[in-house]
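The values are calculated or read from the model by the stated rules, or taken from the named source; none is laboratory data. None of these values were measured; they are calculated from a predicted model. Cβ placement follows ideal geometry from the backbone for every residue including glycine, while neighbour counts extend to all protein chains displayed. Side chains included, ligands, DNA and RNA excluded: accessible areas come from the protein's heavy atoms. Shrake-Rupley method; radii C 1.70, N 1.55, O 1.52, S 1.80 Å.
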Amino acid sequence: MENPELISASKVIPEITKDINNAKKRICVISTILIDDDTTEPAIKALKAAARRGVKVKVANDIFAYGELAKELRPFEAWKKRFNKLSGMRKSFRNNKVDFTWLGKAKFLIFTGRTHTKWVVIDDIVYCFGGINLYKIGLETCDYFFKFEDKTVANLLFETYKNILKSDKTGSGYKSHEIKHKNSKILIDGGFMSDSIIYKRACELAEKATAATLVTQYAPYGKLAKSLKKIDSKLYFNIPDNASFLNKMTIKFGMMRSGLKTDYKRPRYIHAKFIIFTMRSGKKIAISGSHNLVSGGGLLGTREIAIETSNPNYIKQLEKFIKQEII
């Protein structure tokens, strides 16, 4: 965790496939959207092969994947094809000894209580604190994971995985909390509505900072936006024309509410989510993870994960990501 490597979305499948092929004991994958397609096929084949050779492989995918898959298909065939494709993926996983779970089945509304957490843990190797969804469109966006080896964090994520599955069975959540580890904090949103420790912490830091650089897919609004307007802020979020219909409406809504504009000019869709604060002392603190850093995520009770850190190994790579992928 002290020496992470930022892996961009376009490079993550070869990386995790290599590590899965070398796995000895355990693998844990959790995602909002995981789809077996031409892009993810090498990693999914490797997961099934690992399970067959005796590695304990656990995979959880939110039912939100059904809605996302429909975007790729013709309307009249969408429901049947998406059901067959994802049901086939689940069946194939289970036939190959992978412990696969659908998340969110107990939720009545598609946008509330989603598991927006994303990570891949392979033995003690962790891919986390980014926003990558494991399917073709997600892997083509401007996004990343941090990769590092840390047994303590790997164990923590396996325990968090158990907590998510346990609470998801009842359609409930658990209290958001932070865990201190090696001069950083792991922030976990447990899924209760209006209980986002990640968003609250971003707001707290924004009130004390002199400057901030925000990268996210949506225009910020609410408390965080108000604080960002008072300091020297650089904001990089998607222009509406880069987005699909619902995301376009969300971006326009945020811009209308906050009056904020984006400095992002590229056509590639931003799915990364992080903010770097410069404090009065000159110290830099970053929050990086799965949370979009908009107030709506906290209100809807999504499960999220992020790191809060002043470790220069994280911050320098995020700043390099901005220069290479954003500006």
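One line per residue, one yes/no per condition, for (1) exposed (fewer than 15 other Cβ atoms within 10 Å of the Cβ); (2) charged (D, E, K, R); (3) within 23 Å of Ser176 (Cα to Cα):
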| residue | (1), (2), (3) |
| --- | --- |
| Pro220 | no, no, yes |
| Leu224 | no, no, yes |
| Phe253 | no, no, no |
| Gly259 | yes, no, no |
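Report, by residue number, each residue of region 131-159 that is part of a helix (DSSP H, G or I), over 15 Å from the mean Cα position of the chain (by Cα) and of a type outside the set (Phe, Trp, Tyr).
Within region 131-159, Lys136, Lys151, Thr152, Val153, Ala154, Asn155, Leu156, Glu159 qualify.
Let's see how each residue does on (1) out of contact with any Gly (no Cβ under 9 Å at 6 or more places or on another chain); (2) within 17 Å of Arg201 (Cβ to Cβ); (3) of a type in the set (Phe, Trp, Tyr):
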| position | (1), (2), (3) |
| --- | --- |
| Pro267 | yes, no, no |
| Ala272 | no, no, no |
| Ile275 | yes, yes, no |
| Leu293 | yes, yes, no |
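Select from region 159-171 the residues that are surrounded by fewer than 16 Cβ atoms within 10 Å (Cβ to Cβ) and either touching a residue at least 40 places away in the same chain (Cβ under 8 Å) or within 17 Å of Ser290 (Cα to Cα) (or both) and list them in ascending order.
Listed by number, the residues that qualify are Lys169, Thr170, Gly171.
Residue check, Leu214 against (1) of a type in the set (A, V, I, L, M, F, W, C); (2) in a helix (DSSP H, G or I); (3) closer than 30 Å to Cys28 by Cα, all met but one. Which one?
(2)
Sort through Ala60, Ala49 and tell me the only one that's at pLDDT 85 or above and open to solvent by less than 20 Å² (accessible area, probe 1.4 Å). If you could, list the steps in order and put the result at the bottom.
Numbers: Ala49 fails: open to solvent by less than 20 Å² (accessible area, probe 1.4 Å).
Being at pLDDT 85 or above and open to solvent by less than 20 Å² (accessible area, probe 1.4 Å) holds for just one of Ala60, Ala49, which is Ala60.
Scan region 76-90 and tell me whether some residue there is in contact with a helix residue (DSSP H, G or I) (Cβ under 9 Å, 6 or more places away or on another chain), at pLDDT 95 or above and either surrounded by 15 or more Cβ atoms within 10 Å (Cβ to Cβ) or among the charged types (D, E, K, R) (or both).
Scanning region 76-90 turns up at least one residue that is in contact with a helix residue (DSSP H, G or I) (Cβ under 9 Å, 6 or more places away or on another chain), at pLDDT 95 or above and either surrounded by 15 or more Cβ atoms within 10 Å (Cβ to Cβ) or among the charged types (D, E, K, R) (or both).
If only one of Ile231, Ile239, Ile179, Ile197 is open to solvent by 10 Å² or more (accessible area, probe 1.4 Å), in contact with a Gly (Cβ under 9 Å, 6 or more places away or on another chain) and aliphatic (A, V, I, L, M), which one is it?
Ile197
Can you give me the number of residues within region 263-293 that are part of a loop (DSSP other than H, G, I, E, B), open to solvent by less than 10 Å² (accessible area, probe 1.4 Å) and under 18 Å from Ala211 (Cα atoms)?
Taking region 263-293 as the starting set, the residues that turn out to be part of a loop (DSSP other than H, G, I, E, B) are 263-269, 271-273, 280-283, 290-293.
Those left that are additionally open to solvent by less than 10 Å² (accessible area, probe 1.4 Å): 264, 272-273, 290-291, 293.
Then drop every residue that is not under 18 Å from Ala211 (Cα atoms), which leaves 264, 273, 293.
So the count comes out to 3.
With the requirement that a residue be assigned to a helix (DSSP H, G or I) and either touching an Asp or Glu at 6+ places or on another chain (Cβ under 9 Å) or open to solvent by less than 10 Å² (accessible area, probe 1.4 Å) (or both), what does region 1-12 give you?
Selection gives Ala9, Ser10, Val12.
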